[in-house]
Amino acid sequence: MTAQTTASSNTGPSDGQGALRLGNATGLTCRECGNTVELGPHYACSECFGPLEVGYDFPRLTRADIEAGPQNIWRYAALLPVPEDIATRRTTEPGFTRLIRADGLAAELGMRRLWIKDDSGNPTHSFKDRVVAVALAAATEMGFKVLACPSTGNLANAVAAAAARAGIRSVVMVPANLEEQKILTTAVYGGTFVTVDGNYDDVNRLASELAGEHEDWAFVNVNVRPYYAEGSKTLGFEIAEQLGWRLPDQIVVPVASGAQLVKIDKGFSEFAELGLVESKPWKVFGAQATGCSPVSEAFTKGWDVVRPVKPDTIAKSLAIGNPADGPYVLDVVRRTGGAVADVSDEEVVDSMRLLARAQGVFGETAGGVTVGVLRKLLASGQLDPDAETVIINSGDGLKTLSAVADSVTVPTAIKPTLEAFQAQY
Ligand SMILES: Cc1ncc(COP(=O)(O)O)c(C=O)c1O
Ligand SMILES: [Zn+2]
């Protein structure tokens, strides 16, 4: 295991020397000034402090090469910053979740062709298993000994589970007021679990300070963020492959930090550049809850910068008031001709119930946000009801039960007799 010398003030373990085995990744490039540094535990540009992104030298890759791979994200290992033998290592093997043809929901909304990418089917029931698996693979290669994160809930589940699977220590930090389901489903894995009296942005700040103190801790979304974020490209890859090696016309993605949306777009671009799908235009749309909608506000007001907010919404998984990738979401959405919009908590609950009733999918509050924004942008004419559309259900409704608890009717028990049944139903 190795860690290369840092090209910036970033920290990282240093227990060896030599080239990192991170597949076809070649370096890290600043998204702001284009400065390139060698692969390693860097996340901020040494020149301008801009965020770094993984660059590659991709080999020729065919659809058959990918189809011959495992039924999880490692089928795309050649397009990720991970060691070539990653599929044989101890990981949670996320991905290849269902792409559901959503005819029921489409009929309700007057749409022609609608698909749901149902990422609640991942090992800890959210898309976060993807990003964590990639972060863990890169972090291990760089010599980190501990997997850590600040989280709005789902990432905590994914980090605690991935570390348990790999047999390493986890340190997971969340706001104390999260949904009980997300707290319990993190605690069960037995790592170090810290609940903080504060919101996510407070927890994130504390994590950044700790990352400076503990050089052998990989905070997946802080000091190994360039690698972590790449994991969300696999959502884009899978959607294209599952559509029969085609790109959709429109996609609606929930936005917290914004990394997922930006990387789905990057996944589509890479597939087109590699000739794995026919190149065509697509539009990317972002979804936020009104109680935490800094990116939607910036989009609507035509700003290039995102003004931080103090979150207040039931969509706790999306409650990031100061989103790291907010400006890049604006870039993607504006470049592709999409939009960012937000919906109220009432609409979130209503949309969670619509998704369940019309399509048989129980998504978490983030899914309600996405379906709510889908409805809103159809009504405003910004989304085309006739264009092929994919929406992301990024998490499981079982983890946010309290959101719907007051609005669904739980029947009173009847006696186990025919008369009792007939009297009531
Ligand atoms: C269920 C769910 N969906 C979407 C997101 C947003 O992801 P990102 O921070 O990459 O925008 C999160 C983030 O925590 C999440 O938990
Ligand atoms: Zn820079």
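Top mean-square fluctuation among Tyr227, Tyr56, Tyr43, Gaussian network model of the chain, C-alpha springs under 10 Å?
Tyr56
What's the Kirkwood radius of the range 300-383 in Å, using all Cα pairs?
Result for the range 300-383 stands at 13.9 Å.
Just from its helices, what would the mean residue ellipticity at 222 nm be for the chain, if runs of 4 or more DSSP H residues each count -39500 (n - 2.57) and the sum is divided by every residue, rounded to the nearest 500 deg cm²/dmol?
-10500 deg cm²/dmol
So for each of 357-366, 251-260 I average, over its residues, the number of other beta carbons within 10 Å; can you give me the resulting order with the highest mean first?
My ranking of the peptides, most packed first, is 251-260, 357-366.
Over the range 75-178, with every protein chain in place, what whole percent of the accessible area is carbon and sulfur at 1.4 Å, could you tell me?
The value for the range 75-178 is 46 percent carbon and sulfur by accessible area.
Using only the Cα atoms of the range 64-158, build the gyration tensor, take square roots of its eigenvalues as a ≥ b ≥ c, and label the shape rounded, prolate or oblate: rounded if a/c is under 1.5, else prolate if a/b is larger than b/c, else oblate.
In terms of gyration-tensor shape, oblate.
For the peptides 232-238, 306-312, what is the packing order when you average, over each peptide's residues, the other Cβ atoms within 10 Å and list the highest mean first?
Ranking, from highest mean packing down: 232-238, 306-312.
Based on the Kirkwood radius over alpha-carbon pairs, what is the Stokes-Einstein translational diffusion coefficient of the range 104-198 at 4 °C with 1.567 mPa s viscosity, in µm²/s?
The Stokes-Einstein estimate is 89 µm²/s.
Could you give me the ³J(HN,Hα) list for the range 179-194, computed from phi with Karplus coefficients 6.51, -1.76, 1.60 and θ = phi - 60°, whole Hz, x at Gly and Pro?
For the range 179-194, the Karplus curve yields 4, 4, 4, 6, 5, 5, 6, 9, 4, 4, 7, x, x, 6, 10, 10 Hz.
How long are the semi-axes of the equivalent ellipsoid of the range 139-294, defined as square roots of 5 times the Cα gyration tensor eigenvalues? Whole Å, largest first.
They are 31, 19, 14 Å, listed from largest to smallest.
If one puts a single equal scatterer on every Cα of the range 182-235 and applies the Debye formula without solvent, what log₁₀ I(q)/I(0) results at q = 0.12, 0.16, 0.17, 0.20 Å⁻¹?
-0.36, -0.64, -0.72, -0.95
Pull up all non-local amide H partners of Asp396: gap of 5 or more, or a different chain, and H-to-H distance under 5 Å with H placed in the peptide plane.
Sorted by chain and number, the residues that satisfy this are Glu364.
Amide H to amide H under 5 Å from Val146: which residues, 5+ apart in sequence or cross-chain, H placed 1.01 Å off N in plane?
Ala218
In nm, what is the difference between 0.36 nm times the number of residues separating Tyr425 and Arg357 and their Cα-Cα distance?
Stretched fully, the Tyr425-Arg357 segment lengthens by 22.5 nm.
Under a GNM of the chain (C-alpha, springs under 10 Å), which listed residue has the highest mean-square fluctuation: Pro175, Pro59, Pro385?
Pro59
How big is the gap, in Å, between the Cα center of the range 71-125 and the Cα center of the range 342-399?
18 Å
Ser402 to Gln382: FRET efficiency via 1/(1 + (r/R0)^6), r the Cβ-Cβ distance, R0 30 Å, to the nearest 0.05?
In this case the efficiency is close to 0.45.
Considering only DSSP beta bridges with both partners in the chain, what is the antiparallel share in %, to the nearest 5?
30 percent
What ³J(HN,Hα) values, in whole Hz, does the Karplus curve 6.51 cos²θ - 1.76 cosθ + 1.60 give for the range 253-265 when θ = phi - 60°, with x put for Gly and Pro?
10, x, 10, 10, 6, x, 4, 4, 4, 4, 7, 4, 4
Sorted from largest to smallest, which semi-axis lengths in Å does the alpha carbon gyration tensor of the range 364-425 give for its equivalent ellipsoid, taking the root of 5 times each eigenvalue?
37, 16, 10
Tell me, what is the FRET efficiency for Val196 and Leu418 to the nearest 0.05, using R0 = 45 angstrom and their Cβ-Cβ distance as r?
0.25
Mind checking the log10 I(q)/I(0) for the range 266-329 at q = 0.16, 0.29 Å⁻¹? Debye, one equal scatterer per Cα, no solvent, two decimals.
The Cα Debye sum returns log10 ratios of -0.62, -1.20.
What is the calculated FRET efficiency for Ser344 to Cys48, with r their C-beta to C-beta distance and R₀ = 35 Å, to the nearest 0.05?
0.40
Based only on the alpha carbon positions, what is the Kirkwood hydrodynamic radius of the chain, in angstrom?
Across the chain, the inverse of the average 1/r is 21.7 Å.
Starting from the Kirkwood radius over alpha-carbon pairs of the range 211-359, derive D by Stokes-Einstein at 4 °C in a medium of 1.567 mPa s and give it in µm² s⁻¹.
D = 79 µm²/s.
For a protection proxy built on the mean count of beta-carbon atoms within 10 angstrom, sort 138-146, 293-301, 208-216 highest first, please.
Per-residue Cβ counts within 10 Å, averaged per peptide and sorted highest first, yield 138-146, 293-301, 208-216.
In the range 216-334, carbon and sulfur make up what percent of the accessible area (probe 1.4 Å)?
On the range 216-334, the fraction of accessible area on carbon and sulfur atoms equals 52 percent.
Using the heavy atoms of the protein chains alone and a 1.4 angstrom probe, what is the accessible area of the chain per residue in square angstrom?
40 Å²
Through the Karplus equation 6.51 cos²θ - 1.76 cosθ + 1.60, θ set to phi - 60°, convert the phi angles of the range 328-334 into ³J(HN,Hα) values in whole Hz; use x for Gly and Pro.
6, 4, 4, 4, 5, 5, 6
The values are calculated or read from the model by the stated rules, or taken from the named source; none is laboratory data. Just so we're clear, the structure is a prediction, and the values are computed from it rather than from any experiment. Cβ coordinates were reconstructed from backbone atoms using ideal geometry, including for glycine residues, and neighbour counts include every protein chain displayed. Each accessible area value is taken on the protein alone, full model and side chains, heavy atoms only, with ligands, DNA and RNA left out. Shrake-Rupley method; radii C 1.70, N 1.55, O 1.52, S 1.80 Å.
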